[in-house]
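Take a look at the structure set out below.
The values are calculated or read from the model by the stated rules, or taken from the named source; none is laboratory data. All of these numbers come straight from a predicted model, not from anything done at the bench. All Cβ positions, glycine included, derive from the backbone under ideal geometry; neighbour counts span all protein chains shown.
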Amino acid sequence: MSALRRFVVVVPLAFVGMLALAACSAEEPIEVDDVSEDELILRRGSVDHAAIVEATTMMLVDGLATVAPPLDPSLDPYNREDPFRITAAPYRSAFAKNLGRFDDYDRKIDWTASQTSAWVTRMATGNYQVIDTSKPCDFASPHTYLEIERAALTGKPHATCGGRMPNEDALDVTVNFLIRGPAATEQDPGAIRDGVFAATKPALSSFPYLAEMNGL
């Protein structure tokens, strides 16, 4: 196409664009609700819960579903709930069924009926971590994740601050908790491990805790 023909094509298109812009500007302005930025950003239920690891994709998802776990239709409603006041009815049976599947994985019953009931109720009504700031947190050797929850289920006093520190292998803790019961830890001889024991670069001990990018 010659330069002249390109010019002839471009000019009409530009002219049409100008007409469309003028038409849009002549329309009535779009009304926007008078909502503050904080209300938009901090609206409850607008983000995924960041509490118990794999609460949805392992503990709530339908194990027989034909869709990938993140697409399970029960996950979004659960994440939209207030994590401290979850409506239990839609989720209780799924948590109970999946916990039973995990407990049966090693062909041993490691969860008592009372422990199962307590954990299912906890997850169906609230998805949060318990933290005790009066107890020690060893950042260099973190073994706090689910420690308070396991202690409560086994009737023992907890020894750490609880919560989840950045460098803890929380997935190994979760798998052993679900399959081997609340008395088990990922540090036990014969514990189940996924073969990934740490990040390639550990998180820093000061805010914002981010390690350097890989390859730098």
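Observations, loosely collected:
- Selection status of THR116, polar (S, T, N, Q) and touching a Leu at 6+ places or on another chain (Cβ under 9 Å): yes
- Here region 177-216 is the region considered, the condition is being assigned to a helix (DSSP H, G or I) and touching a helix residue (DSSP H, G or I) at 6+ places or on another chain (Cβ under 8 Å), and the residue that is surrounded by the fewest Cβ atoms within 10 Å (Cβ to Cβ) is ILE179.
- Residue that is surrounded by the most Cβ atoms within 10 Å (Cβ to Cβ), among those in region 142-176 that are part of a loop (DSSP other than H, G, I, E, B) and on the phi > 0 side of the Ramachandran plot: LEU146
- From the list ALA124, ALA170, the one residue that fits, being modelled with pLDDT of 95 or more, closer than 15 Å to ILE52 by Cα and within 16 Å of the chain's Cα centre (by Cα), is ALA124.
- Any chance LEU146 is at pLDDT below 95, of a type in the set (A, V, I, L, M) and under 19 Å from the mean Cα position of the chain (by Cα): no
- Pairs linking a residue in region 76-94 that is modelled with pLDDT under 95 and buried (at least 16 other Cβ atoms within 10 Å of the Cβ) to a residue that is among the charged types (D, E, K, R) and outside any helix (DSSP H, G or I), with Cβ atoms under 6 Å and 6 or more positions apart or on different chains, are ASN79/ASP48.
- Test: residue in region 111-133 that is among the acidic types (Asp, Glu) and either in a helix (DSSP H, G or I) or surrounded by fewer than 18 Cβ atoms within 10 Å (Cβ to Cβ) (or both): yes
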